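Below is one structure, written out as structure tokens; the observations come after it.
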Amino acid sequence: MKIVMVCPYAMGRPGGVQTHVRDMAAWLRDQGHEVRIIAPDDGTDETGLIRLGGFRKITLHGTSFEVARASRKAVKAAASDLRTWGAEVMHLHTPWTPMMAWQIWREMRLPTVATFHATLPQSQGFDPMTAFLNRAAHYFSKRIPHIVVPSRAPQAQWEALGLPTPTILAPTIDLGPWRDARQGSEPGVQLVYLGRLEERKGLHVLLDAWPDIAAMLPRAMLTIAGSGELRDNIAARIKAESLSRVTCIAAPDNATARTLVGESDFFIAPALEGESFGLVLIEAMAAGTLPVAAANEGFRTVLTGGGQDLLVPPGDALMLAEKVVELVSNAEKRRALQHWADQRANDFDVVSVGPRYVELYRKAVR
């Protein structure tokens, strides 16, 4: 098949959607399909990438993302190239992100699969962003019969809007490089946070928990890796409160990120809300690193069964600290959870999930 994957975010920025698109495209090519990726132009060089339009960053509901737009001339030129190439099916990712994805989709009018990665924010009273996204959900639901969400949390939101129930299908990535990043045991206890430094990610909860962790585990060390609007605040708090054995580093490249996680004992994911899935947890598990995560809707989707013992209440610093100390102190329990994590990660490898996407593409073009 000739498949067009449309990502509304710049491919050069780290993010779960970009990783999913990149790894799915590579796997599809390995299976004999041809793939073109459309994404905003940030100078990134990717196999089969069509750079379309510019973008700017905005922040809403405690998270940062990009909005992109292309000129009408650029959209028509890209569409012409894709028609000449013989494009058969389009996979839109988060198409309610304004507005480049919608532009190329409307111009092409191909059979389409659309993945809505986000869980809508829970707002008290009227919220313009929520209202816009709700209207967008109605718009796309009427026009695209093959809609995918990553977990039950966003699926329930679509149902609450009175819309047809979308298919749950996890975003998937190639876990091979993460498995290759596994490292042997190192002295001490290594904890890592890797991700955006923004309010909803719960970094303040981790910093609240750290004095208790450090007191109970004198050889424990914490690395916070990422970028975002809270970077200066986090650095200032570490200094002001004399938080020992905490290191802050800039967002690493992909290879360095895998090494950093693979060398750690625990991957700390304290996000308070807004998670519709948990690719970061799967990456950590594949690298042999146990996640300790807040029990938000998305992370609960990944940490099921025995993995529920790796969850703590969102925003509860004491429980986070106690969970880390408990796992360090109980080697038998930790080994059992590690075995569970190894098996669970395999459920989300592109080798396991990729064929289900191909089935959807074939269904869309029939």
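The values are calculated or read from the model by the stated rules, or taken from the named source; none is laboratory data. Source: prediction; values computed, not measured. Cβ sites come from the backbone with ideal geometry, for glycine too, and all protein chains shown count toward neighbours. With ligands, DNA and RNA removed, areas are computed over all heavy atoms of the protein, side chains included. Shrake-Rupley method; radii C 1.70, N 1.55, O 1.52, S 1.80 Å.
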>> Cβ-Cβ distance below 6 Å, separation of 6 or more or different chains: which pairs start in segment 254-278 with a residue that is without any contact (Cβ under 8 Å) to a residue 40 or more places away in the chain and under 15 Å from Pro14 (Cβ atoms) and end on one that is part of a loop (DSSP other than H, G, I, E, B) and open to solvent by 10 Å² or more (accessible area, probe 1.4 Å)?
In response: none
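Kindly indicate whether Gln190 is within 18 Å of the chain's Cα centre (by Cα), polar (S, T, N, Q) and either surrounded by 14 or more Cβ atoms within 10 Å (Cβ to Cβ) or assigned to a loop (DSSP other than H, G, I, E, B) (or both).
Criteria not met by Gln190.
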>> Return the residues of segment 246-275 that are touching a strand residue (DSSP E or B) at 6+ places or on another chain (Cβ under 7 Å) and among the polar types (S, T, N, Q); say none if nothing qualifies.
In response: Thr247, Ser264
> Can you pull out the residues in segment 157-177 that are in contact with a Ser or Thr (Cβ under 9 Å, 6 or more places away or on another chain) and either open to solvent by less than 40 Å² (accessible area, probe 1.4 Å) or hydroxyl-bearing (Ser, Thr, Tyr) (or both)?
Replying inline: Gln157, Trp158, Leu163, Pro166, Leu169, Ala170, Pro171, Thr172, Ile173
>> Just checking, does segment 349-357 include any residue being among the basic types (Lys, Arg) and buried (at least 20 other Cβ atoms within 10 Å of the Cβ)?
In response: no
> Name the residues in segment 284-318 that are surrounded by fewer than 18 Cβ atoms within 10 Å (Cβ to Cβ) and free of Cβ contacts under 8 Å to residues at least 60 places away in the same chain, would you?
Replying inline: Ala295, Thr304, Gly305, Gly306, Gln308, Asp309, Pro313
> Can you find even one residue in segment 225-233 that is free of Cβ contacts under 8 Å to residues at least 60 places away in the same chain, assigned to a strand (DSSP E or B) and polar (S, T, N, Q)?
Replying inline: no
> Looking at Lys323, Lys333, which is the one that is out of contact with any helix residue (DSSP H, G or I) (no Cβ under 6 Å at 6 or more places or on another chain), surrounded by 21 or more Cβ atoms within 10 Å (Cβ to Cβ), part of a helix (DSSP H, G or I) and without any contact (Cβ under 8 Å) to a residue 40 or more places away in the chain?
Replying inline: Lys323
